[in-house]
1. Using the charge dipole of the chain (Lys, Arg: +1 at Cβ; Asp, Glu: -1 at Cβ; taken about the Cα centre), state which of GLN16, TRP71, ILE50 has its Cα farthest towards the positive end.
2. Work out, step by step, the length gained on full extension between VAL53 and LYS69: first 0.36 nm times the residue separation, then minus their alpha carbon distance; give nm to one decimal.
3. Taking the number of other C-beta atoms within 10 Å as the exposure measure, put MET1, MET15 in order starting with the fewest.
4. Along the Cα-to-Cβ line of VAL9, 7 Å from the Cα, sits a label point; which residues in segment 38-54 have backbone N less than 18 Å from it?
5. For LYS31, give me every one of the lysines with a C-alpha distance below 26 angstrom, ignoring sequence neighbours fewer than eight places off in its own chain.
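Each value in this text was obtained by applying a stated rule to the coordinates, not by laboratory testing. Bear in mind that the values here come from a model prediction, so they are computed numbers and not experimental data. Glycine gets a Cβ as well: all are built from the backbone with ideal geometry, and neighbour counts include every protein chain shown.
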Amino acid sequence: MPKRTLQGVIESHKMQKTVIVKVSAVKVHPKYHKRYSVSKRFPAHAEDGIYNVGDKVVIEETKPISKTKHWRVISKV
């Protein structure tokens, strides 16, 4: 089974080896057909300290790294 990948923007890099990635999507309401945006924040493992706030990155699902981290940063976009 392939691993899920998501694209998002780094919101925070205050922790060691962890960044917070915000993933946004546009959905359509089933009844009213109005578009609205939803977003979710994912803690992701980033071993290198090369990522800054505002960078677009690709994250990949992985086995649990810690209590909250289940994603890791693959690359910058």
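1. The residue sitting farthest along the positive end of the dipole is TRP71.
2. Working: separation 16, 0.36 × 16 = 5.76 nm, distance 1.84 nm.
Taking 0.36 nm per residue and subtracting the Cα distance, the gain is 3.9 nm.
3. Details: MET1 3, MET15 11.
Going from sparsest to densest Cβ surroundings: MET1, MET15.
4. 38-44, 51-54
5. Output for LYS31: LYS40.
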